[in-house]
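S.K.: Let me give you the structure first, and then I'll get to my questions.
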Amino acid sequence: GENVEQHPSTLSVQEGDSAVIKCTYSDSASNYFPWYKQELGKRPQLIIDIRSNVGEKKDQRIAVTLNKTAKHFSLHITETQPEDSAVYFCAATKVTGDYKLSFGAGTTVTVRA
Amino acid sequence: NAGVMQNPRHLVRRRGQEARLRCSPMKGHSHVYWYRQLPEEGLKFMVYLQKENIIDESGMPKERFSAEFPKEGPSILRIQQVVRGDSAAYFCASSPGLATDTQYFGPGTRLTVL
């Protein structure tokens, strides 16, 4: 099955700086890579996703890049704000016939004011 | 359009009791997934269901756990004879179906086994 590794496990950044979280996956057939943000005691919320036919996607301060050859993808948050503090999870799946998400272990991001 | 609903939000059971967790998918969604999250860990896939069918239960323990998604009503995750190791947050997610892969998560049920 798919194995997703996520680094770092914790990340502390100064407000206004950028944060980068990296994930690698093992199954070359995986073709859909969502990122979820989970605040303490809350549900995981989809913040951005990317499909394997695209190398980069951006939504305001959030961007995701995908390198299919190396089997890794990254989340970039620019101009971080205190409300960006949360746990971020990457995930991977094969859209055709296997919809279950394989999650990374999560990155706890703390934005220092 | 209401989001994914789960109830109860918190459930306390004593060892040996049964736990029933309910999930109502978003309107128009026919695919339901259950995930388990242990404290300070990521989410682990348990089971994937469509109406009246279990599609993939490869992540679900073979004993004491079962899931259903009947033609009418919510999806149910049932844990019989709970043990302390079952204490976790159980999330369900739903998606519209084929060709649309985005999964939307419910608020979770936090199960505590005493």
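S.K.: I'm trying to understand the selection: among the residues of the stretch B:1-24, which are outside any strand (DSSP E or B), open to solvent by 60 Å² or more (accessible area, probe 1.4 Å) and within 14 Å of chain A (Cβ to nearest Cβ)?
M.R.: Filtering the stretch B:1-24 down to residues outside any strand (DSSP E or B) leaves B:1-4, B:8-9, B:14-18.
Applying the additional criterion that residues be open to solvent by 60 Å² or more (accessible area, probe 1.4 Å) yields B:1-2, B:9, B:14-15, B:17-18.
Scanning the stretch B:1-24 gives B:A2, B:R9.
S.K.: Now a separate question. Just to verify a result, which residue in the stretch B:25-51, among those that are aliphatic (A, V, I, L, M) and part of a strand (DSSP E or B), is nearest to the other protein chains (Cβ to nearest Cβ)?
M.R.: Checking each candidate, the answer is B:L43.
S.K.: From (1) part of a loop (DSSP other than H, G, I, E, B); (2) within 30 Å of A:N31 (Cβ to Cβ), pick out the condition that doesn't hold for B:I55.
M.R.: With respect to (1) part of a loop (DSSP other than H, G, I, E, B); (2) within 30 Å of A:N31 (Cβ to Cβ), B:I55 is out only on (1).
S.K.: Further, regarding this structure: Could you say which residue among A:A105, A:A70, A:A63 is more than 9 Å from every other protein chain (Cβ to nearest Cβ), among the small types (G, A, S) and either within 18 Å of B:Y33 (Cβ to Cβ) or open to solvent by 20 Å² or more (accessible area, probe 1.4 Å) (or both)?
M.R.: It is A:A70.
S.K.: Can you name the condition, by its number, that B:I54 falls short on among (1) buried (at least 19 other Cβ atoms within 10 Å of the Cβ); (2) within 14 Å of chain A (Cβ to nearest Cβ)?
M.R.: (1)
S.K.: Here is a further query. Just for the stretch B:61-114: of the residues that are aromatic (F, W, Y), in a strand (DSSP E or B) and open to solvent by less than 40 Å² (accessible area, probe 1.4 Å), which one is farthest from the other protein chains (Cβ to nearest Cβ)?
M.R.: Across the stretch B:61-114, the extreme among qualifying residues is B:F65.
S.K.: Just to be sure, is A:D84 more than 14 Å from chain B (Cβ to nearest Cβ) and either among the acidic types (D, E) or open to solvent by less than 40 Å² (accessible area, probe 1.4 Å) (or both)?
M.R.: Against the criterion (more than 14 Å from chain B (Cβ to nearest Cβ) and either among the acidic types (D, E) or open to solvent by less than 40 Å² (accessible area, probe 1.4 Å) (or both)), A:D84 qualifies.
S.K.: Filter the stretch A:15-56 for residues that are farther than 28 Å from B:Y90 by Cα, at pLDDT below 95 and in contact with an Asp or Glu (Cβ under 9 Å, 6 or more places away or on another chain) and give the result.
M.R.: Matches in the stretch A:15-56: none.
S.K.: With the structure loaded, tell me whether A:L40 is hydrophobic (A, V, I, L, M, F, W, C) and over 26 Å from B:G59 (Cα atoms) or whether it fails that test.
M.R.: no
S.K.: Which residues, taken from the stretch B:30-41, are among the aliphatic types (A, V, I, L, M) and open to solvent by 20 Å² or more (accessible area, probe 1.4 Å)?
M.R.: Residue satisfying the conditions is B:L38 alone.
S.K.: Tally the residues that are farther than 30 Å from B:Q6 by Cα and free of Cβ contacts under 8 Å to residues at least 60 places away in the same chain, restricting the search to the stretch A:22-63.
M.R.: 14
S.K.: Shifting gears a bit: Which one of the conditions (1) surrounded by fewer than 16 Cβ atoms within 10 Å (Cβ to Cβ); (2) over 11 Å from B:S94 (Cβ atoms) does B:K27 fail to meet, given that it meets all the rest?
M.R.: (2)
S.K.: Something else: Looking only at the stretch A:6-54, which residues are more than 11 Å from the chain's Cα centre (by Cα) and of a type in the set (D, E)?
M.R.: Selection gives A:E15, A:D17, A:D27, A:E39.
S.K.: Tell me which residues, restricted to the stretch A:70-109, are free of Cβ contacts under 8 Å to residues at least 40 places away in the same chain and assigned to a strand (DSSP E or B).
M.R.: A:D98, A:Y99, A:K100
The values are calculated or read from the model by the stated rules, or taken from the named source; none is laboratory data. None of the values given here were measured: they were computed from a predicted structure. Because the Cβ atoms are built from the backbone with ideal geometry, glycine has one as well, and the counts that use them run over all protein chains shown. Side chains included, ligands, DNA and RNA excluded: accessible areas come from the protein's heavy atoms. Shrake-Rupley method; radii C 1.70, N 1.55, O 1.52, S 1.80 Å.
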